[in-house]
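Derivation of every value follows stated rules applied to the coordinates shown; laboratory data play no part. Please read these numbers as outputs of a predicted model, since none were measured by experiment. Cβ: placed from backbone, ideal geometry, glycine included. Neighbour counts: every protein chain shown.
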Amino acid sequence: MATPSEHTPLGQVAEQYWVQSRRPLASLVFLAPLLVVYEAGVLLLGAQNGADAFLRRLLDLLGFGQHFVLPILTICILLAWHYLSRQPWELSGGVISGMAVECLGLGLCLRVILFLQDSLFRVFDDAVVVSIGTQLKEAVGLLGAGIYEELLFRLILLSLAAWLLRRMGVAPRPSTIAAAIVTSLLFAIAHHIGPYGEPLQGFRFLFRVLAGMFFAVVFIYRGFGIAAGSHAAYDILAWLSG
């Protein structure tokens, strides 16, 4: 892993970080520890989230029911994306730690958006007291939500929708905007259906549409790793605040 010179101008360091942190390789290196913790949590604690369960059921229908197929597939997608985009196989020192700080900052931003919306709607939820084991299980599950929800809704569905629209003759910018809107609506709907779904409430649905758009913008401009990391950071912050 390359280390920038001590005399490299700050502006150049910032530019290197902006470019390198968007690379699929950076996403893989950054998310690998979270992926390991989450998959261990699934095996040891049963800490599974809805997007993960959906993707595993889909793979099972295709004849790939082994547990580690999904994380291996995620790794392969990022490696193939990096290879096909012909980007350098190197990262400067500080990129991964910078991504962690950026994700935390973005997670805080989304938390502020929820606070403002909550204040506007004057909706307050009661805190729920749970056991330490349940709390650990929930915390680990939130890591998987950040990774696999972004994998499903942004890396796969948003990219696919934008590509299909461009193939239909839609200009790149409108196709990306339309794909972001559609997948944000799907992202919100998915949280209210199926065995992991919550009862439909206008406040929560609206916020999840806004959150979907937020993560779509982050994905488009900052890459998969930052989108998944900031998603996980927000979920953990929301969980810690009750």
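What residue, of Leu31, Leu43, Leu70, is within 20 Å of Val140 (Cα to Cα), out of contact with any Ser or Thr (no Cβ under 9 Å at 6 or more places or on another chain), touching a residue at least 40 places away in the same chain (Cβ under 8 Å) and not polar (S, T, N, Q)?
Leu70
Kindly list the number of the only condition in (1) in a helix (DSSP H, G or I); (2) in contact (Cβ under 8 Å) with a residue 60 or more places away in the chain; (3) more than 14 Å from the chain's Cα centre (by Cα); (4) farther than 21 Å from Leu120 by Cβ that fails for Ile236.
The one condition Ile236 does not meet is (3).
Within the range 212-238, how many residues turn out to be over 25 Å from Val19 (Cβ atoms) and either polar (S, T, N, Q) or in contact with a helix residue (DSSP H, G or I) (Cβ under 6 Å, 6 or more places away or on another chain) (or both)?
So the first thing to find is which residues in the range 212-238 are over 25 Å from Val19 (Cβ atoms), and the list is 212, 235-238.
Narrowing further to those that are either polar (S, T, N, Q) or in contact with a helix residue (DSSP H, G or I) (Cβ under 6 Å, 6 or more places away or on another chain) (or both): 212, 235-237.
Residues flagged as over 25 Å from Val19 (Cβ atoms) and either polar (S, T, N, Q) or in contact with a helix residue (DSSP H, G or I) (Cβ under 6 Å, 6 or more places away or on another chain) (or both) within the range 212-238 amount to 4.
Restricting attention to the range 77-120, which residues are without any contact (Cβ under 8 Å) to a residue 40 or more places away in the chain and in contact with a Gly (Cβ under 7 Å, 6 or more places away or on another chain)?
Matches in the range 77-120: none.
Mind listing whichever residues of the range 141-189 are more than 30 Å from Phe203 (Cβ to Cβ) and either in contact with a Gly (Cβ under 8 Å, 6 or more places away or on another chain) or not in a helix (DSSP H, G or I) (or both)?
Met168, Gly169, Val170, Ala171
Across the range 182-221, which residue is farthest from Ala161 (Cα to Cα) among those that are among the charged types (D, E, K, R) and surrounded by 14 or more Cβ atoms within 10 Å (Cβ to Cβ)?
Arg204
Within the range 159-209, work out how many residues are among the aromatic types (Phe, Trp, Tyr) and under 19 Å from the mean Cα position of the chain (by Cα).
Of the residues in that region, 4 qualify.
Could you tell me which residue of the range 41-56 is surrounded by the most Cβ atoms within 10 Å (Cβ to Cβ), considering only residues that are part of a helix (DSSP H, G or I) and under 15 Å from the mean Cα position of the chain (by Cα)?
Within the range 41-56, the match that is surrounded by the most Cβ atoms within 10 Å (Cβ to Cβ) is Asp52.
Let me confirm something: among Tyr38, Tyr17, which residue is in contact (Cβ under 8 Å) with a residue 40 or more places away in the chain, touching a Ser or Thr at 6+ places or on another chain (Cβ under 9 Å), hydroxyl-bearing (Ser, Thr, Tyr) and crowded, with 19+ Cβ neighbours inside 10 Å?
Tyr17
Kindly list, by first and then second residue, each pair from a residue in the range 145-172 that is farther than 19 Å from Val209 by Cα to a residue that is of a type in the set (S, T, N, Q) and surrounded by fewer than 23 Cβ atoms within 10 Å (Cβ to Cβ), limited to pairs with Cβ atoms under 7 Å and residues at least 6 apart or on different chains.
Leu165/Ser175; Arg166/Ser175
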